[in-house]
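What follows draws every value from the coordinates through simple rules; no lab data is involved. Keep in mind the model is a prediction, meaning the values are calculated, not measured. Here the Cβ positions follow ideal geometry from the backbone for every residue, glycine too, while neighbour counts run over all protein chains shown.
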Amino acid sequence: MKILIRTPNWLGDLLMSTAFVDAVLRDFPEAQVDLIVKAGFETLPLPHRGKVHSFDRKVCSAGAFGACLRAEQHDRIYILPPSFSSAWMAFRAGVPERFGLKGNGRSWLLNPAVGLPWQPRSRHLVEEYTQLLGPGALPGTMRLAITEAWLEAQSRTLPQALPERFVALAPGAIYGPAKEWPPEHFQELSRQLVAQGWPVVLLGTPDDREVAEQIRNELPEVHNWCGKTNLPQLVAVLYQAALLVSNDSGAMHVMSALQRPQVALFGSTSSTWTGPRNPHARLLSLNLECSPCFKRVCPLGHTNCQKELHPELVFQSCLEALGEETKK
């Protein structure tokens with residue numbers, strides 16, 4: 001049997017979908033399991049048992065890309081993104097069994113079209129994906145297929161040496177500012193961690209670099225790596241971190257897939273829907289009446305769900321996590 005999985009386009013959703021891929025690999029041990037990923041994500045060590053097809057919408061339309069896959073003669077495809085175009089891609093690929101969730105006018109392209117037995121966003125996204133395997137199906141584990149050789153190869157390419165032990169902070173969130181803990185809170189947390197003897201490495205995109213410089217606040221023990229790593233290097237750095245503190249972001253989900261200690265900060269989004277599936281995760285949220293709003297920018301203009309989550313509370317969670325990590 002040849003199975004194809006169309007993975008999501010957002011980094012965080014992609015990493016959550018590794019739990020679905022893990023379940024498919026478990027439930028179909030003899031099948032070839034190929035992936036379709038957004039261009040750029042093929043550099044990640046994603047679990048699979050076959051090929052990884054890279055799709056770049058700037059180069060090729062969804063329909064044309066699907067038509068190119070027709071020769072692969074897959075028996076079944078699981079379509080994880082909710083978009084019409086992803087279902088159209090599967091239809092054009094000529095895959096006879098096309099499993100996907102209903103919605104966005106695409107049900108006629110699916111065979112079968114699957115409905116959720118609960119309200120959207122009321123249960124974890126991993127469980128939404130798992131519904132495509134049928135009622136009663138069990139989710140797999142979020143994971144990346146990291147080997148020592150892969151990790152060593154990425155570590156050799158890092159722009160500079162990492163501290164021997166360190167805490168990683170990821171202050172950004174591409175979705176929007178409503179998901180971001182204030183820079184002054186990250187700054188105070190960095191100061192407290194440094195005072196406890198923990199060097200800090202700030203991680204993120206080039207767009208996060210200016211904010212990271214504010215957080216750094218002339219502390220030599222705080223290192224600004226924002227914009228200095230590609231995606232595989234980011235994975236390698238997080239794998240070596242004693243702890244990650246982050247917003248609900250791609251970095252948060254990388255650490256979840258690595259099953260490493262983390263403190264995840266939630267405000268405008270829901271940990272019920274997209275929280276880390278990681279036994280070593282600590283989730284912090286004030287659960288205000290106005291949250292989760294799922295907005296990119298606070299509709300009330302105050303972002304209290306983030307501002308009132310004080311650094312002292314986060315620092316205590318860090319100490320607990322680091323204490324457990326030190327005991328290992």
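Taking every DSSP bridge with both residues inside the chain, close to 5 percent are antiparallel. In terms of the mean number of neighbouring beta-carbon atoms within 10 Å, the peptides 108-119, 276-287, 13-24 order highest first as 13-24, 276-287, 108-119. Using C-alpha pairs under 8 Å with a sequence gap of at least 6, the mean separation divided by the residue count of the chain gives a relative contact order of 16 percent.
Residue exposure proxy: Arg216, Arg106, Arg6, Arg49, ordered by other Cβ atoms within 10 angstrom of their Cβ from fewest to most, comes out as Arg49, Arg216, Arg106, Arg6. Across segment 192-328, counting alpha-carbon atoms alone, Rg and Dmax equal 15.0, 44 Å. Computed from the coordinates I sent, Rg and Dmax of the Cα atoms in Å equals one of (i) 20.3, 67; (ii) 20.4, 60; (iii) 28.2, 115. Tell me the label. For Rg and Dmax of the Cα atoms in Å, the calculated option is (ii). Ranked by how many other Cβ atoms sit within 10 Å of their own Cβ, fewest first, the residues Asp27, Asp207 fall in the order Asp207, Asp27. Summary of the geometry: segment 200-273 and segment 283-328, compared by the centres of their Cα atoms, lie 15 Å apart.
The convex hull built on the alpha-carbon positions of segment 236-279 has an orientation-averaged projected area of 2.8 nm². Listing Glu164, Glu72 from fewest to most neighbouring C-beta atoms within 10 Å gives Glu164, Glu72.
The residues packed around Trp225, meaning those with a beta-carbon under 11 Å from its beta-carbon, carry a net charge of +2 if Lys and Arg are +1 and Asp and Glu are -1. Counting lysine pairs in the chain that sit 8 or more residues apart in sequence, or on different chains, and whose Cα atoms lie under 12 Å apart gives 4. Dipole check for segment 2-133: with +1 at the C-beta of Lys and Arg, -1 at the C-beta of Asp and Glu, and the Cα centre as origin, the magnitude is about 380 Debye.
Using unit Cβ charges (K, R positive; D, E negative) and no other charged atoms, how large, in debye to the nearest 20, is the dipole of segment 148-327 about its Cα centre?
That gives a dipole near 360 debye.
Estimated from helices alone, the mean residue ellipticity of the chain at 222 nm is -10000 deg cm²/dmol (sum of -39500 (n - 2.57) over DSSP H runs with n ≥ 4, per residue).
Highest-first packing order for the peptide set 262-268, 223-229 is 262-268, 223-229, based on the mean count of other beta carbon atoms within 10 Å. Expressed in nm to one decimal, what extension gain is obtained for the pair Trp108 and Asn304 from 0.36 nm per residue of sequence separation less their Cα-Cα distance? Value of the extension gain: 66.2 nm.
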